Amino acid sequence: MYGMLLESVEHFLREKYGEKTWNLIRSRAGVKNHVFVTHERYPDHLILDIASAAAEVIGKQTKMTPDDFIEFFGTCFVKFFSNYGYDRIIKVSGRYFRDFLDGIDNLHEHMRFAYPKLMSPTFFCSEETSTGLLLQYKSKRRGFLRYVMGQILEVARTFYGITVEMKVLRNNSTETGCHVVYQLNFNNSAFKPPSPDAMSVHQNHDLTCEAFFRIMPFSFVVTPNMKILTTGEALSSTLGNVLIGNRVDSVFTLRRPRREFSWENVSR
């Protein structure tokens with residue numbers, strides 16, 4: 001992870017509990033760094049070690065467990081990143097909280113310009129209603145389930161002025177990472193389910209294949225058996241006709257969202 005995450009932890013632990021307590025926590029966690037550098041990379045376990053050490057040092061005083069501190073660190077990061085101007089990105093990511101949730105991956109892609117080795121997770125929403133949605137989180141890291149909760153809840157409070165009830169429905173963790181499904185309950189009145197008319201195709205909404213590929217020259221058509229049927233002119237002129245007839249997952253990689261590259265997922 002990059003140093004900015006650890007900077008936020010240090011800043012708020014020092015501010016809330018004092019320099020002496022921070023140094024004790026740092027020592028107990030085995031952290032040798034006296035200063036964290038924003039764009040330098042550090043082992044992922046450091047933030048987890050600091051959470052465990054904080055629980056040992058001030059856990060009784062604060063009645064907080066290591067997991068509670070991890071969630072607290074998530075809120076700290078949201079409060080801290082405004083020092084780097086990232087609050088402006090949040091503010092323009094959408095008028096409603098649902099817009100922010102839909103665009104988290106885009107936010108990470110934007111940050112990649114400043115942090116090129118960023119190993120960002122992927123998020124996608126499902127089963128959305130006027131009272132909330134399911135937020136799916138996939139990452140190569142483990143142990144950050146509550147950290148994400150702290151971030152999401154703080155963004156909701158700070159930037160959208162709403163209260164969100166958030167709980168974990170499923171948590172599948174393996175040696176290669178984790179897949180967590182959160183249930184978020186909130187006033188999602190901005191959600192408008194598709195009307196029956198919008199879901200149906202009328203004669204006056206028809207679009208010819210030729211017109212479609214003229215508008216979207218880098219697009220391609222995939223059959224239910226995952227084979228590329230045809231491509232736009234710009235794509236075929238760039239990569240050639242070797243695409244046609246091949247399985248799409250043998251030619252392209254589904255980078256985001258991080259899901260199985262299957263017909264069921266790409267056809268949604």
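Observations on the model:
- Each of Arg146, Arg28 was scored by other Cβ atoms within 10 Å of its Cβ. Arranged with the fewest first, they read Arg28, Arg146.
- Cα centroid separation - the range 108-175 against the range 1-54, whole Å: 22 Å
- Placing +1 on the Cβ of every Lys and Arg and -1 on the Cβ of every Asp and Glu, with no other charges, gives the chain a dipole of roughly 600 debye about its Cα centre.
- Cα-projected label distance for Thr208 with Glu109, points at 7 Å along beta-carbon direction, nm: 3.2 nm
- Geometric descriptor of the chain, per residue, is 169 Å³ (volume of the convex hull of the Cα atoms).
- Candidate cross-link partners of Lys140 among the lysines, defined by an alpha-carbon separation under 18 Å and a same-chain spacing of 8 or more, comprise Lys117.
- Cross-link reach list, lysines versus Lys91, counting only Cα pairs under 23 Å and skipping chain neighbours closer than eight places: Lys79, Lys192
- Here the label points at His11 and Lys227, each 7 Å from Cα along the C-beta direction, are separated by 5.6 nm in the simple model.
- Based on Cα contacts under 8 Å between residues 6+ apart, the range 47-99 shows a relative contact order of 24 percent.
- The range 85-185, relative contact order [Cα under 8 Å, separation at least 6], %: 24 percent
- Take every Cα pair under 8 Å whose residues are at least 6 apart in sequence, average their separation, divide by the length of the range 206-266, and the relative contact order is 26 percent.
Computed from the coordinates by the stated procedures, all read-outs in this text should not be read as laboratory data. Computed from a prediction, not measured in an experiment: that's the story for all the values here. Here Cβ is always computed from backbone atoms with ideal geometry, including for glycine, and neighbour counts include all displayed protein chains.
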